[in-house]
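Structure, as structure tokens:
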Amino acid sequence: MNKANKANRAINLTKNKDSYSISFNAMASPCEVIVQSNDKQLAQKLGNIITAEVWRIEDKYNRYDQNSLCSVINSKAGQPVAIDEETYLLLIFADHCYQLSNGLFDISSGALRKAWSFHGGSAKNTQFPSQAQVSAALSNVGWNNIKFDEQKITLAKGMEVDFGGICKEYAVDRALILAKQLSDKPILVNLGGDLAVTGSRLNDETWQVAIEHPDIDSALNRDAIADMIVSLKSGALATSGDARRFIIKDGVRYGHILNAKTGWPIAKAPRSITVVAPQCIQAGILATLALLQGCNAEQFLTEQDIKFWARR
Amino acid sequence: MVAINTSGNNKMNNKMKTEKINIKAALTIATAALLGVSNLAQAESSTISGTEESAWEFDSAFLFYSEVDRVSAGEAIFNAKKTFANDEVLNLKLTIDALTGASANGAVAQPTVQTFTRPSGNGQYDVAPGDTPLDDTFHDTRVQLNGQWTQLIAPDYTASGGLHISKEYDYLSLGINGNIAVDFDRKNSTFSAGFSYFQDTFTPEGGIPKPFASMLVGDSNEPTWDEEFAKTRIGSEDDKSTADILLGFTQVINRRMLMQFNYSYSMVDGYLTDPFKILSVVDNNGVSQDYVYESRPDSRIKQSIYAQSLYHFDTTVLDVSYRYMWDDWEITSHTIDSRFIIPLGDSFGTESYLQPHFRFYQQSAADFYRPFIMDSDPLPAFASADYRIGEMTAFTVGLKYGLLVNNGHELSFRLEYYSQTSTDAGFEEPGVLKDVELYSSVDAIIAQVTYSF
């Protein structure tokens, strides 16, 4: 899988009317950078720098990549593994998210995937795991059982960490920082729907961003399902929820977001939530924290005075 | 006039907003630590724009203030805020106060009945033996309008400008202000500089009294009364100007703590005397011989330093501030203000919080303050017996309860008790003054209801 990913690392440059578009694949998603400039050299340079950064983060934190730091940490659970400052800062951030969500969001909940598999449409009546299976997996979950400091991290035996919930958004923010250092032209970075802009387009125009409807793949009455267009002038936008990963049991749809405290999926959550925030990683976490509130997702964001779109 | 702190209400409203965005604000700080960018202010502002201007947001507050046996005041505040496409913010605020009741006129209590002339010259009032003389003619309505425009003028530079107009029956105040704030150190620090200028005109009914002129007491229906009363007056109106400079520095200490430091320099010039205040002139036995109108210098330079710390515990927030003020009237004051915000979660069926409040205030007297004048002493250059510039200690304790009602609108109730005690700055008390209360206290209840929609 890793080799296939890396073989797929091509950068395509396309000229549009007043901009260049750089497309590539990363983190199992189609990605795009748009720079509103006719300077081809600048576009190429941006493409090289941004893809290098995004792929670097992918290689470092992809838990499916045996060589990633994430995999090393997981495979050596029970013993300390040396970490760098970037990883330490991501762990600190994950800690904040854990605290702010009262433990609902936990990057050590990856072990639960042993009990659950979400394949969506192809397996509409997947059996739920037994409570015993869930409990067994849950015994390996618990942020408090992870010890880390600026030099090292130690997982309790059997535990796993998964940076998947924050990595893509983090890569968007990192890419934007590098883009801003290189150019003051308007730039948009989009990694599989999580995106951020450096500022408004030329002449103070907004970026028009389409948010994909979660049912877009269902092919049924596609005409009735319009993408939502959002005008973005600054900041970032991230979507949580996934059309392709869910279980339907007894007619109830369960999304792939798991409650790290109970080990069970969150019921009655919206299918997707899109949040706007100054930084992409904030938007992503807010969307995820909202989904974790289940039927109260919208209320949670409304009370926090956050701009969002929810689809049920 | 009794000063009612309306800016306090405004601050309260802002506080409520910050309570609502706890998670958002905490994430902003966490993100700043992770990315080394971002800032607090940016998170507050809407990043979305284009066709979507925000709707108007409204706050309304009703406040009731009542001093025991003295002034009662009602106040209504309407605040409207709109954020435009490029994050410009327009804020409009209307405040209406109605004040009624009695206020100490400055004279000392006596063992006998005292008669005073009303400030307008129309009629007299009597004060019973032993009572602190109160002028019971206070009633006034104030309408105040503030407009403020705030926008980003360059990356990291926010500018703001505003206009102020306030009108009472006998008072007109016009003001302008401007402020610029600069973010730096990856927006963990903000430096701001502001100025404001106010021009106030005072047209008290009955005119401006002549400093140290004796209060005319007698039959106001006599044909010569008006002519005699006019002799104690120097005009029908007077004015004063106030120029303030404010420097501020805000620093994010860590994800839990925010500190703010302010320095302010204020120059007031013009008519600073209170035309309604008098002093008793007493003999060696402490018996009133005369009442004279007070006299204050025509300029005052005030400075203050202020430090505030907001500390975010796991769920609660502690807000503590200290202010030290000093001026060239030799008044110094210390203010400690603290609030503790306790979110109650959903325990009452809706999101709610409690906010205990404690404030302590201590002030030294102005150099020309004196509770009375001895008739054997030469007349000083300036003198005032106004308790508000005398030595005093005050405290406020209060509790606020806020809850989210339908659609995330916020409703809050505040109840506070205010107690102010004037203290003796070391003046000798001759004769009968030993047996009366020279330094009275003021106790007040403040009740407020606020609704944001």
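Quick look at the numbers
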{"quantity": "Subset of the range B:343-358 (residues that are in a strand (DSSP E or B) and surrounded by 14 or more Cβ atoms within 10 Å (Cβ to Cβ))", "calculated": "B:PRO343, B:LEU344, B:SER352, B:TYR353, B:LEU354, B:GLN355, B:HIS357, B:PHE358"}
{"quantity": "Of all residues making up the range A:271-291, the number that are more than 12 Å from chain B (Cβ to nearest Cβ) and of a type outside the set (Lys, Arg)", "calculated": "3"}
{"quantity": "Count of the range B:162-181 residues which are farther than 28 Å from B:ALA98 by Cα and surrounded by 15 or more Cβ atoms within 10 Å (Cβ to Cβ)", "calculated": "3"}
{"quantity": "Subset of the range B:211-254 (residues that are touching a helix residue (DSSP H, G or I) at 6+ places or on another chain (Cβ under 8 Å) and within 30 Å of B:SER299 (Cα to Cα))", "calculated": "B:LEU216"}
{"quantity": "Those residues of the range B:410-435 which are assigned to a loop (DSSP other than H, G, I, E, B), under 30 Å from the mean Cα position of the chain (by Cα) and either more than 19 Å from B:SER384 (Cβ to Cβ) or of a type in the set (Val, Ile, Thr) (or both), in sequence order", "calculated": "B:THR423"}
{"quantity": "Strands (runs of 3 or more DSSP E) lying entirely in the range B:269-328 (those with 1 or more residues that are of a type in the set (Gly, Ala, Ser) and touching a Phe, Trp or Tyr at 6+ places or on another chain (Cβ under 6 Å))", "calculated": "B:278-282, B:299-312"}
{"quantity": "1 or more residues in contact with a Leu (Cβ under 8 Å, 6 or more places away or on another chain): qualifying strands (runs of 3 or more DSSP E) within the range B:138-237", "calculated": "B:157-168, B:171-184, B:189-202"}
{"quantity": "Where a residue in the range B:409-435 is in contact (Cβ under 8 Å) with a residue 12 or more places away in the chain and under 23 Å from B:PHE64 (Cα atoms) and its partner, wherever it lies, is in a loop (DSSP other than H, G, I, E, B) and of a type outside the set (Phe, Trp, Tyr), with Cβ under 6 Å and at least six apart", "calculated": "B:LEU411/B:VAL405"}
{"quantity": "In the range B:291-337, the residues that are charged (D, E, K, R), at negative phi and surrounded by fewer than 16 Cβ atoms within 10 Å (Cβ to Cβ)", "calculated": "B:ASP298, B:ASP314, B:ASP328"}
{"quantity": "Of the criteria (1) among the small types (Gly, Ala, Ser); (2) surrounded by fewer than 19 Cβ atoms within 10 Å (Cβ to Cβ); (3) touching an Asp or Glu at 6+ places or on another chain (Cβ under 8 Å), which one A:ALA283 fails", "calculated": "(2)"}
{"quantity": "B:TRP329, sole failed condition from (1) in contact (Cβ under 8 Å) with a residue 40 or more places away in the chain; (2) under 22 Å from the mean Cα position of the chain (by Cα); (3) over 30 Å from B:ILE278 (Cβ atoms)", "calculated": "(3)"}
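Values quoted throughout were computed directly from the atomic coordinates according to the rules given, and no laboratory measurement underlies them. A quick note: this is a predicted structure, and the numbers were derived from the prediction, not measured. In this analysis, Cβ positions are derived from the backbone assuming ideal geometry, glycine residues included, and neighbour counts consider all displayed protein chains.
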